[in-house]
1. Can you tell me which residue within the stretch 208-221, out of those that are in contact (Cβ under 8 Å) with a residue 24 or more places away in the chain and surrounded by fewer than 16 Cβ atoms within 10 Å (Cβ to Cβ), is farthest from ligand 1 (Cβ to nearest atom)?
2. What are the pairs with Cβ atoms under 7 angstrom where one residue, in the stretch 222-244, is farther than 20 Å from residue 206 by Cβ and more than 6 Å from ligand 2 (Cβ to nearest atom) and the other, located anywhere, is modelled with pLDDT under 95 and assigned to a loop (DSSP other than H, G, I, E, B)? Sequence gap at least six, or different chains.
3. Being in contact with a helix residue (DSSP H, G or I) (Cβ under 7 Å, 6 or more places away or on another chain) and buried (at least 22 other Cβ atoms within 10 Å of the Cβ) is the filter; apply it to the stretch 45-62 and report the residue that is nearest to residue 206 (Cα to Cα).
4. Has the stretch 109-132 got any residue that is more than 25 Å from residue 164 (Cβ to Cβ), in contact (Cβ under 8 Å) with a residue 40 or more places away in the chain and more than 15 Å from the chain's Cα centre (by Cα)?
5. Is it the case that residue 100 is at pLDDT 95 or above, away from ligand 2 (no atom under 16 Å from the Cβ), surrounded by fewer than 20 Cβ atoms within 10 Å (Cβ to Cβ) and in a loop (DSSP other than H, G, I, E, B)?
6. Just one of 189, 257, 202, 219 is farther than 18 Å from residue 153 by Cβ and in a helix (DSSP H, G or I); which is it?
7. Residues to consider are 143, 139, 156; find the one that is loosely packed, with under 14 Cβ neighbours inside 10 Å and out of contact with any helix residue (DSSP H, G or I) (no Cβ under 9 Å at 6 or more places or on another chain).
8. Is the stretch 194-204 home to any residue that is within 16 Å of ligand 1 (Cβ to nearest atom), buried (at least 16 other Cβ atoms within 10 Å of the Cβ) and at negative phi?
Ligand SMILES: Cc1cc2nc3c(=O)[nH]c(=O)nc-3n(C[C@H](O)[C@H](O)[C@H](O)COP(=O)(O)OP(=O)(O)OC[C@H]3O[C@@H](n4cnc5c(N)ncnc54)[C@H](O)[C@@H]3O)c2cc1C
Ligand code: FES
């Protein structure tokens, strides 16, 4: 970890060392180095950077590889900054190919994260949506909130269980092909847990189709939900309009929005 941290408003504070910078706007990229990578599953790695941010679970950063692209990633941990990246295309593959000591640019933290409320939380993650939920689970447990976790994936090989297991949580699992846990999608499991699991808040992150179903369930059953949405992003700070969802900009007003927000 390096000697810096930045608060949510972007103030970059030196904690010692020779460097005398004492402010650094979140809107400008700062240089980070890859410290180490951890394998989460066959196509997903967690990248640990030499950077610390003062950020909330559910907030995201823009990762920049000069000459290639800049894309949003949820914080799987803020201090040190850790990104859990699924290898699906050119940018995520380039992140996977980084070696310890390689550099990348990081802007952020951006957006609104999850709020810690209630006494018994249900956390539901689909795909890489599990990444910010591990960070959230840690904050909930520290606040004395009971946590039930559910994870959905296509196959056993796509599951991301480590983020919860490292906290001592044993997540309920669904896979579409039945290769692990309950066969099917995560949404029927979440519906049962909302109806019979004595939970008072739903936190969910994953593909937008999954979130739309969970939003509907939350509104019908009457258990409040905080949902972390995906969107195509370019600027990350509410300027370009590429992440519009209804009247809202996901990067600025979200990515975490309460169920029913439009
Ligand atoms: C707020 C926010 C947070 C995000 N957090 C993360 C994160 O924590 N980890 C992460 O890996 N990605 C995250 N993403 C997605 C990330 O920004 C990139 O879109 C992703 O890495 C793919 O970029 P690419 O250039 O490698 O592939 P692309 O060329 O953009 O995509 C290749 C193909 O894979 C599909 N695809 C894209 N992402 C996924 C996926 N995760 N799983 C399955 N198929 C996919 C695309 O639809 C396309 O068909 C986040 C996006 C947003 C908006
Ligand atoms: S990414 Fe530009 S407005 Fe949201």
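The values are calculated or read from the model by the stated rules, or taken from the named source; none is laboratory data. None of these values were measured; they are calculated from a predicted model. Heads up, the Cβs are rebuilt from the backbone with ideal geometry, glycines too, and the neighbour counts pull from every protein chain shown.
1. 221
2. Hits for this filter: 237/27.
3. Taking the stretch 45-62 first, the residues in contact with a helix residue (DSSP H, G or I) (Cβ under 7 Å, 6 or more places away or on another chain) are 45, 47, 57-58.
Now restrict to residues that are buried (at least 22 other Cβ atoms within 10 Å of the Cβ): 47, 57-58.
Numbers: 47: 19, 57: 14, 58: 12 Å.
Here the answer is 58.
4. no
5. Answer is yes for this residue.
6. Unique residue meeting the criteria: 219.
7. Of the residues listed, the single one that is loosely packed, with under 14 Cβ neighbours inside 10 Å and out of contact with any helix residue (DSSP H, G or I) (no Cβ under 9 Å at 6 or more places or on another chain) is 143.
8. So the first thing to find is which residues in the stretch 194-204 are within 16 Å of ligand 1 (Cβ to nearest atom), and the list is 203-204.
Then keep just the ones that are buried (at least 16 other Cβ atoms within 10 Å of the Cβ); that gives 203-204.
From the residues that got through so far, the ones that are at negative phi too are 203-204.
Checked against the condition, which is being within 16 Å of ligand 1 (Cβ to nearest atom), buried (at least 16 other Cβ atoms within 10 Å of the Cβ) and at negative phi, the stretch 194-204 yields at least one hit.
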